[in-house]
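This report refers to the structure that appears directly beneath it.
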Amino acid sequence: MIDSPTVTARCFGTVLAASAVPALGPVELAGADAAALGVLLPLLGCGEEAAALAFDTLAAASGTCVDALALTAIAAEERGHDRLITALIEILPADPHAAATRRAARRFHVELGRGDAAERLARVAATDAAVCTILSRLLAPGRPLAGDAVVRPTLSRIHHDEARHVRLSRRLASAGGGHAALCDIGAAARSALADVLRLGAAAFDRLGVDPDRLDRDLRRLPRGLFVA
């Protein structure tokens, strides 16, 4: 439960009212598993906050009302994800290195906003697809997070939404840029994300995800992500 009037530990200076953050029940994770998740969530939370801002900007610049409405809806969902991750962070052990983690994540997400709309959408599609990979592995059967009645449905909801976001972003990116260029941009974004996530290597390992295999897979652009 959050008692302060606002939540101030943000990557990009946005403010969450305490009343907007859902109250989640206590997690059932073992202490070391809860601490490991607490290390990873600031990385994911920074991404959700950045994505909400990015989709708002893309919606404002969109050439069609239909696309603008879809992008605005995704921005709202990303803000919802941000609130859910914030709520989880509040019920987990505090990570003493969270501020440094957020700074590294913020630098990465600032770079995602460079370039024209097609380039930004390509980065968003590529990195959201990477988030889907991360969440699917964290929630795989038999791993600590899969058995937690609070964490599993919360992260599963985010995973489901992100898969839909990938579909829209890749479609809009493919309509506005050349295939080869989009693939290069997306691959570079995923490689940069993998570099940031190395900060959480020990936490991934604790939660049953091989950090070296994850690193290799994140650096590969999924086949067919962008339409040729």
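Rule-based calculations on the coordinates, nothing more; no lab input. Owing to the predicted nature of the structure, the values given are computational and were not obtained by experimental measurement. Note: ideal-geometry Cβ built from the backbone for every residue, glycine included; neighbour counts use all protein chains shown.
As for the stretch 182-190, it holds no residue that is exposed (fewer than 14 other Cβ atoms within 10 Å of the Cβ) and within 24 Å of residue 103 (Cα to Cα). Pairs are defined by a Cβ separation below 6 Å, a sequence spacing of at least 6 or placement on different chains, a first member in the stretch 165-182 that is among the β-branched types (Val, Ile, Thr), and a second member that is surrounded by 19 or more Cβ atoms within 10 Å (Cβ to Cβ); the pairs so defined are 166/125; 166/128; 166/129.
Across the stretch 71-87, what is the total count of residues that are of a type in the set (A, V, I, L, M) and in contact with a helix residue (DSSP H, G or I) (Cβ under 6 Å, 6 or more places away or on another chain)? Total meeting the criteria: 5. Scanning the stretch 168-221 for residues that are acidic (Asp, Glu) and under 16 Å from the mean Cα position of the chain (by Cα) returns 195, 215.
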